[in-house]
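To keep things clear, I will list the structure first and then write my remarks on it.
The values are calculated or read from the model by the stated rules, or taken from the named source; none is laboratory data. Predicted model only: the values in this text are computed from it and were never measured. Note that each Cβ is placed from the backbone with ideal geometry, even for glycine, and that neighbours are counted across all protein chains shown.
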Amino acid sequence: MQVRGASQPLWQQLQATAGVVLAVQRGQSGTAALEALDPAQRPGAQALAFQVWRNLGRAQALRDVLVDRRPPPATDALLCTALALVWDPLSAPYDAHTLVNQAVQALKQGASGRAHASFINACLRRFLRERDALVEATDGKLQAQWNHPDWWIALLQAQYPDHWQALLRAANGRAPMTLRVNLRHCSVAHYLEQLAQAGIEAQAGAGAAIYLARAVPVSQLPHFTQGWVAVQDAAAQIAAPLLLQGLAPGARLLDACAAPGGKTAHLRDLADGPLLALDVDAQRLLRVRENLERMGVQAELRQGDAAEPAAWWDGQLFDGILLDAPCTASGIVRRHPDVRWLRRPTDIAQLAAQQRRLLEALWPLLAPGGRMVYCTCSLFAAEGCEQISGFLARHNDAHALAAPGHMRAGADSAPFASTLSPKEDHDSFFYALLEKRHR
């Protein structure tokens, strides 16, 4: 049996998938773990891994019912991978018996798991015999119901008592492929015509956004290589126009954490003044360059830590600063379903401290009357409202031009309601627009 569209037998794909799942549990991002695979394995492993991560809470709960003591990590990862793929007959990518047989074969072919193959075979076959009873036995566990860690669920319950279920439901869904039209090249209406001619069903969203009915390879998008469109979530498309509103033409701009460059390119699409794109990672800065070149725009690129301006700043104040700060990425788990299993509760405080350092370091670089947009793709209050409330309390020369707050996927969104309609399908972001008062 082979994974659809892949050249390796299913057991090899299951081996690779379990390896990626284990890598995330050990602290490596899913993206990095998938990129480390052989290119021939990557598409099949990614499809399977995404399904595993979206069902891992249920799989772990079933595992706990089936075994008295967890097997070694690599074997456990393969057991949970098989359970995540097989537990729901309606979404299983293969016949249940095929999945079980191939999972056992994957263990037999791997030196570390060979000794446990008979045990795992017995567990999986028991699950097939007693599926309904075992699933019912795990229904009462929130982690099994919502496929998120218990600590994550508890935090959302505390911070969003009226919306936590909607937020988790949205996080377990699949995000649409959303485009941003480069208005320097064409209008939204014209690009919709181009898509229709290419047989790609789509509809317009707010601003320059277009939603595709089905995801397609970017190579199928008309004039993609010529920079007519970028792939960018609708909520992420708010950052650039939000920063530029109220700034004079020719304003000097800083994109402080620029990689991979989507927001940098959007800023350049909308404004012609000096633009510095900064990132601490030289390799990720190369992606910014590639994105700008494809979009047919330019900016000054510089490697540097935004929290250490002395190493890169030339002393000239900026009129506008975009700080898309490093965060837990808790608002984009539908696009990156590994994140919920990658993060630990302690990450929130660590990232909030990093965000605070960035805000404190960059605020002195903003000219009086200038504006800063602080944003994160996080749902957690420590990275959003609490962060900005603390900043405003410490800086009497800062004030918020619009009520800072979260745009929440699948639930009511308070801020910037005029920017996205309730019908828009977007990720969860936090935005704050700050202005520096003249002293």
Over the range 18-37, the set of residues closer than 24 Å to PHE119 by Cβ and in a loop (DSSP other than H, G, I, E, B) is ARG26
Would you say ALA170 is farther than 26 Å from LEU420 by Cα, not acidic (Asp, Glu) and not assigned by TED's automatic domain parsing to the domain that holds THR17? no
I need the full set of residues from the range 157-184 which are of a type in the set (A, V, I, L, M, F, W, C), assigned to a helix (DSSP H, G or I) and surrounded by fewer than 21 Cβ atoms within 10 Å (Cβ to Cβ), in order please. ALA158, TRP164, ALA166
Filter result for ALA16 (free of Cβ contacts under 8 Å to residues at least 40 places away in the same chain, among the aliphatic types (A, V, I, L, M) and crowded, with 24+ Cβ neighbours inside 10 Å): yes
Top-ranked residue of the range 227-249 - restricted to ones that are touching a His at 6+ places or on another chain (Cβ under 8 Å) and of a type in the set (S, T, N, Q), ranked as surrounded by the most Cβ atoms within 10 Å (Cβ to Cβ): GLN237
Among the residues of the range 202-218, is any surrounded by 21 or more Cβ atoms within 10 Å (Cβ to Cβ) and over 17 Å from HIS266 (Cβ atoms)? yes
Helices (runs of 4 or more DSSP H) contained entirely in the range 38-121, each with at least 2 residues that are surrounded by fewer than 19 Cβ atoms within 10 Å (Cβ to Cβ), within 31 Å of the chain's Cα centre (by Cα) and outside the structural domain of THR138 (by TED's automatic domain parsing): none
Every listed condition ((1) at pLDDT 95 or above; (2) touching a Ser or Thr at 6+ places or on another chain (Cβ under 9 Å)) holds for SER187 save (2)
Does ALA277 satisfy the criteria of being outside any loop (DSSP other than H, G, I, E, B), small (Gly, Ala, Ser), under 21 Å from PRO364 (Cα atoms) and touching a residue at least 12 places away in the same chain (Cβ under 8 Å)? yes
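So which residues in the range 281-300 are outside any helix (DSSP H, G or I) and in contact with a strand residue (DSSP E or B) (Cβ under 7 Å, 6 or more places away or on another chain)?
ALA299, GLU300
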